[in-house]
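For reference, the structure is listed below as structure tokens.
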Amino acid sequence: MRKAITGAIYALSGAIGVLAFVYPLLVPEFATAGMGQAHSQVAPLITAVLVGLTLLALVVELQGRTLSAKTVAILGVLVAVTSVLRFIEVAIPLPGGFSPIFAPIILAGYVFGARFGFLMGAFTLLASALVTGGVGPWLPFQMFSAGWAGMTGGWLPSSKLGTGRAAISLLCGFGFVWGLVYGVIINLYFWPFAVGPASQTWAPGLSIGDTVARYVTFYVVTSLAWDIPRAVGNAAMILVLGGPLIKSLLRFRRRFYFEVITDA
């Protein structure tokens, strides 16, 4: 029953996330009103709903396992440590869109599972925004995107978790792809409001094919060069740090993930 409830909560949060990105395309009045007006009205509500759903998911999860409270403590520690990495972006100029936070999010999802990965990504972006002053109407969109990165990390084949060459190669490729996918997703936050050549911008009444074609053109022209350093950086971090970090996370998982079986 608890699994069904938590599954429904995560599914609902995913549906809200998708809707948050595409609502200007579905309701052109929002797009024509301008990004500032549209997102200033919607973003606080989306943030509140997302945070509320993730906290609700944690409460429900806490009822399911004897030591899940310790797992939540691990989540809190990992979120805090990863959030501090955002200071690097502020203190040291990094190439393009590279950020050191995505590799830990992906690896945590890979080891602890999709739900843990989603929570790790969403809460990391929330906490790092609070400590770096990066709070704005873009925040819920960043939280969803990072959460999805961690969640899909938990979907990777990990029945035989390890730090061998095959596992690290898979994770490096996954991190590279997500470096680009994150940019593709997050650009939807502002693309419906963008002004520019007709071949790159959206207009009400476009077919799905034309909308996709214009967005691909927009992304390649404006963002691909920015996102490639993020993709390369993700792969490089996982290549260098993935093995030791996975070993550490596996030790925590083995220590805290067990069930108490009572006599019948």
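Looking at LEU224, is it closer than 30 Å to ALA48 by Cβ and in contact with a helix residue (DSSP H, G or I) (Cβ under 8 Å, 6 or more places away or on another chain)? Quick ask: steps written out before the conclusion?
On the way: closer than 30 Å to ALA48 by Cβ: no; in contact with a helix residue (DSSP H, G or I) (Cβ under 8 Å, 6 or more places away or on another chain): yes.
Judged against the criteria, LEU224 is not a match.
From the list GLY96, GLY173, GLY133, exactly one residue is surrounded by fewer than 17 Cβ atoms within 10 Å (Cβ to Cβ), modelled with pLDDT under 90 and not aliphatic (A, V, I, L, M). Which is it?
GLY133
Among the residues that make up region 66-86, is at least one of them of a type outside the set (Gly, Ala, Ser), in contact with a helix residue (DSSP H, G or I) (Cβ under 7 Å, 6 or more places away or on another chain), crowded, with 18+ Cβ neighbours inside 10 Å and closer than 30 Å to GLY209 by Cβ?
Checking region 66-86: not a single residue is of a type outside the set (Gly, Ala, Ser), in contact with a helix residue (DSSP H, G or I) (Cβ under 7 Å, 6 or more places away or on another chain), crowded, with 18+ Cβ neighbours inside 10 Å and closer than 30 Å to GLY209 by Cβ.
Is it the case, given these coordinates, that TYR182 is among the hydroxyl-bearing types (Ser, Thr, Tyr) and either in contact with a Lys or Arg (Cβ under 8 Å, 6 or more places away or on another chain) or not in a helix (DSSP H, G or I) (or both)?
Answer is yes for this residue.
Could you name every one of the helices (runs of 4 or more DSSP H) located completely within region 81-149 that has at least 2 residues being in contact with an Asp or Glu (Cβ under 9 Å, 6 or more places away or on another chain)?
Correct list: 114-132.
Which condition number does SER158 fail, the rest of (1) at pLDDT 90 or above; (2) over 26 Å from TRP202 (Cβ atoms) being met?
(1)
Which ones in region 1-29 are under 17 Å from the mean Cα position of the chain (by Cα) and not aliphatic (A, V, I, L, M)?
TYR10, SER13, GLY14, GLY17, PHE21
For region 41-80, name all the residues that are in a helix (DSSP H, G or I), modelled with pLDDT under 75 and out of contact with any Asp or Glu (no Cβ under 9 Å at 6 or more places or on another chain). Give the steps one after another, and end with the answer.
If we filter region 41-80 for residues that are in a helix (DSSP H, G or I), which is where we start, we get 41-62, 68-80.
Now narrow it down to the ones that are modelled with pLDDT under 75: 41, 61-62, 68-69.
If the condition is that a residue be in a helix (DSSP H, G or I), modelled with pLDDT under 75 and out of contact with any Asp or Glu (no Cβ under 9 Å at 6 or more places or on another chain), then GLN41, GLU61, LEU62, ALA69 are the ones that fit.
Looking at region 199-246, which of the residues that are touching a Ser or Thr at 6+ places or on another chain (Cβ under 8 Å) and part of a loop (DSSP other than H, G, I, E, B) is surrounded by the most Cβ atoms within 10 Å (Cβ to Cβ)?
The qualifying residue surrounded by the most Cβ atoms within 10 Å (Cβ to Cβ) is TRP202.
Answer yes or no as to whether LEU171 is in contact with a Leu (Cβ under 9 Å, 6 or more places away or on another chain), more than 22 Å from THR32 (Cβ to Cβ), in a helix (DSSP H, G or I) and hydrophobic (A, V, I, L, M, F, W, C).
Values: in contact with a Leu (Cβ under 9 Å, 6 or more places away or on another chain): yes; more than 22 Å from THR32 (Cβ to Cβ): yes; in a helix (DSSP H, G or I): yes; hydrophobic (A, V, I, L, M, F, W, C): yes.
Considered against the rule, which asks whether it is in contact with a Leu (Cβ under 9 Å, 6 or more places away or on another chain), more than 22 Å from THR32 (Cβ to Cβ), in a helix (DSSP H, G or I) and hydrophobic (A, V, I, L, M, F, W, C), LEU171 comes out as yes.
The values are calculated or read from the model by the stated rules, or taken from the named source; none is laboratory data. Worth saying up front: this structure is predicted, and the values here are computed from it rather than measured. FYI the Cβ positions are ideal-geometry reconstructions off the backbone, even for glycines, and counts take in every protein chain you see.
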